[in-house]
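Everything on this sheet refers to the single structure shown next.
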Amino acid sequence: MASVLRLYNAALIRRPVLAQSATAAVLFGAGDVIAQQVIERQGKNHDFMRTARLTFYGGAFFGPALTKWYQLLNRIKFSSPTKAVVYRVWLDQAVLTPVVVGFFFGTMSIIEGKGIFGAKERISTAYAPTLIRNWGVFIPTQIINFAIVPHHLRFVVVSVVSLFWNTYLSAVNASSQHQEVIESGKSTEK
């Protein structure tokens, strides 16, 4: 096990985008599996396409974007360690997070075939509550992360917390998708 962790740590340093994209893909997929099997109790009715969409999103969009974001934050120099933590958390949660939450719901809607209208609808219903819950989870996480975690391991810390967050996101996204189906059924009945 120690050798696997050493190899992973080396990959994070040598090939950060690849390693962190693979990590994000696995954890987004795992979060969806947990959401479907533990929270939604899908059992044999597991939606493998949903898991594939979330895995794809994690590896193709989230992993590369977050890797580059952390590299940018690490290059910014601050006059003190305390200011560095405060400003990095603020930049992460006030600049990046609102964009990432909207991008997640918009991208997932488009990948699901709902188009731009479906993306706008999902964002309007799920964005604000998800963003507020995100701040409750990730502001404390990022304070710890930026204060004590070495920069090449920050993505890993966020990824571990994100396993649970991705479970939540998957459940919210599925709930929003289910609500859209119900509402479209009502509008066709009229």
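The values are calculated or read from the model by the stated rules, or taken from the named source; none is laboratory data. Owing to the predicted nature of the structure, the values given are computational and were not obtained by experimental measurement. Note: ideal-geometry Cβ built from the backbone for every residue, glycine included; neighbour counts use all protein chains shown. To get the accessible areas, we keep the full protein, side chains included, count just its heavy atoms, and leave off ligands, DNA and RNA. Shrake-Rupley method; radii C 1.70, N 1.55, O 1.52, S 1.80 Å.
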Can you pull out every residue in the range 14-51 that is in a helix (DSSP H, G or I), open to solvent by 50 Å² or more (accessible area, probe 1.4 Å) and without any contact (Cβ under 8 Å) to a residue 12 or more places away in the chain?
Arg14, Leu18, Gln37, Lys44, Asn45, Phe48, Met49
If we keep only residues of the range 135-145 that are touching a residue at least 24 places away in the same chain (Cβ under 8 Å) and open to solvent by 10 Å² or more (accessible area, probe 1.4 Å), then the residue nearest to Leu73 (Cα to Cα) is Ile143
So, Leu66, is that one closer than 27 Å to Arg15 by Cα and either more than 13 Å from the chain's Cα centre (by Cα) or surrounded by fewer than 17 Cβ atoms within 10 Å (Cβ to Cβ) (or both) or not?
no
For the range 69-103, which residues satisfy the criterion of being open to solvent by 60 Å² or more (accessible area, probe 1.4 Å) and aliphatic (A, V, I, L, M)?
Leu72, Val86, Val95, Val99
Considering each residue of the range 116-140, count those that are over 14 Å from the mean Cα position of the chain (by Cα) and hydroxyl-bearing (Ser, Thr, Tyr), and give that number.
2
Using the structure shown, decide if Gly58 is surrounded by 14 or more Cβ atoms within 10 Å (Cβ to Cβ) and small (Gly, Ala, Ser).
yes
Please verify whether the range 104-115 includes one or more residues that are under 25 Å from Ala19 (Cα atoms) and either over 17 Å from the mean Cα position of the chain (by Cα) or loosely packed, with under 12 Cβ neighbours inside 10 Å (or both).
no
Out of everything in the range 164-188 that is open to solvent by 40 Å² or more (accessible area, probe 1.4 Å) and either in contact with a Leu (Cβ under 6 Å, 6 or more places away or on another chain) or under 23 Å from Val89 (Cβ atoms) (or both), what residue ends up being modelled with the lowest pLDDT?
Tyr168
